[in-house]
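Q: Here it is, the structure, as structure tokens.
Read-outs throughout are calculated quantities, based only on the coordinates presented, and are distinct from any laboratory measurement. Keep in mind it's a predicted model, so treat the numbers as computed, not measured. Neighbour counts are summed over all protein chains in view; Cβ atoms, including those assigned to glycine, are modelled from backbone coordinates with ideal geometry.
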Amino acid sequence: MMRKVVVRSFMFVLLLPILSACWNQKELTDLAFVMAIGVDKGEEKKFNVSFQIVNPGNVSSGQNGGGQGLPIAVYKSSGDTLTEAARNATKQISRRLYYSHTNLIAVSEDIAKDGLLYIMDALDRDPEFRTTTQLVVTRDTSAEVLVASLANLDKMPVNKITKEIKATEAMLGENTSINIDDFLAGLVSDGKEPIVNGFKLTGNDKMAGELKDLQHTRADSVLKADGLAVFREGKLVGWIDNNNARGVIWILDRLKSTGVNVTWKGKKSAITVSPIRSKTRVSVKILKGNPVIYIAIENEGWVSEANTDIDLTDPNEILKVEKLTGQEIKREVLSSVKKAQKMKSDIFGFGERLHRKNPTLWNQLKPNWNDHFAELEVHVKVDSYIRREGIRTKPFWSDLNN
């Protein structure tokens, strides 16, 4: 009996190296790392899909490292589904497409108008694909051009787009990071519609993707963030731009920093106040059987620019600036609400809040919520405070006027 136990134990030890082997290992030289995907409307097939693939030999973190060629290669394929297009791409690519490092999905405006329902399932279902990947909609240009464009400051073009979203989110406040998870959450949510960042190509689109364009100090083609795409039931219904887009970010409580220009004594944009901290609270009250939305914003900022004669050491002057800043923020927020109401798309999640506040009333309004949202009464209250005036409390304009 003891002999059998010893023999079995010995055979088990011999089998361990086989059992612990990497049965699904993949060699790096057999993989094509897809960094970005562009989806356009096809002609013969439903989709034209562009794959931005990194060329590792031409990418290096060192100043003198890397090859002399382009850091990426772009391949285009077509199919009635994303899966079909990806498999058809293997006719052109000698390696297996690998999506674990994909950082960007770009869809054209035409595709977005038809609806993103037909591409989201493939992105959400594939275990190799990360749903934290950024999602953008291209404006007045194709997704293929965006995916194929090169950048001056970033060797990997996809990094230019993802970093640009973070930069404008942190400094301008007209965009915010939107990934696949965020879009799907808005898509399936009761009482909230999704938004997506817009991107466009400015300048000469024929120079996009040309290496010689990077040899100029002023590139002929530049990619830039451009507004917020507004969706309803999975389809693009319009755009919100500039200060109206900032109003959306303010309501969503995602604003990090920006610059609010106010008029002082008849001079437009005389003073700029930059938020240091901002907090937005949205609540719902039921008045006479109807929901009413109340938006309360508390903003703390500093005077980042004063191109007028003003004494920033005078508390009364500061109070006036605070009041004017609050009025400007309120105007932007109400304007963004009206823009969304015209498109009948509750991108702010007012319906979600009503659902939590009064489920019974929500169930009554839910079937036609977007119509109710368009007529919704919204009140905005802004408390703005100046916490700092910078290193100069008395602008040189005061000396010029003496």
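Q: Multiplying the sequence separation of residue 254 and residue 327 by 0.36 nm and subtracting their Cα-Cα distance, what value in nm do you get?
A: Details: separation 73, 0.36 × 73 = 26.28 nm, distance 1.96 nm.
Extra length available between residue 254 and residue 327 comes to 24.3 nm.
Q: Would you mind estimating how fast region 112-205 diffuses translationally, via Stokes-Einstein at 37 °C and 0.692 mPa s with the Kirkwood radius over Cα pairs, in µm²/s?
A: Details: Rh = 14.6 Å.
In µm²/s, the coefficient rounds to 224.
Q: While we're on this one: Straight-line reach only, C-alpha to C-alpha below 16 angstrom: list the aspartates and glutamates that residue 41 could link to, leaving out same-chain residues fewer than 8 apart.
A: Cα-Cα hits under 16 Å: 80, 84, 109, 110, 114, 140, 144.
Q: Considering only the other residues whose Cβ falls under 10 Å of the Cβ of residue 132, what net charge follows from Lys and Arg at +1 and Asp and Glu at -1?
A: On the way: positive: 130; negative: 181, 182.
So the environment of residue 132 carries a net charge of -1.
Q: Something else now. Per residue, what volume in Å³ does the convex hull of the Cα atoms of region 341-384 enclose? Before the final figure, lay out each step's value.
A: Working: hull volume 4.0 nm³, N = 44.
Dividing the Cα hull volume of region 341-384 by its residue count gives 91 Å³.
Q: Distance check, please: which entries in 285/366; 192/357; 163/235 exceed 21 angstrom between their Cα atoms?
A: Pairs exceeding the cut-off: 163/235.
Q: Net charge near residue 286, counting Lys/Arg +1 and Asp/Glu -1 over other residues with Cβ under 13 Å of its Cβ? Provide the component values of the computation, followed by the final result.
A: Values: positive: 285, 288, 353, 356, 357; negative: 377.
Charge balance near residue 286 sits at +4.
Q: May I ask for the net charge around residue 90, where only other residues with Cβ less than 14 Å from the Cβ of residue 90 are counted and Lys, Arg are +1 while Asp, Glu are -1? Each step should come with its number before you reach the end.
A: On the way: positive: 76, 87, 91, 95, 96; negative: 30, 84.
So the surrounding residues net to +3.
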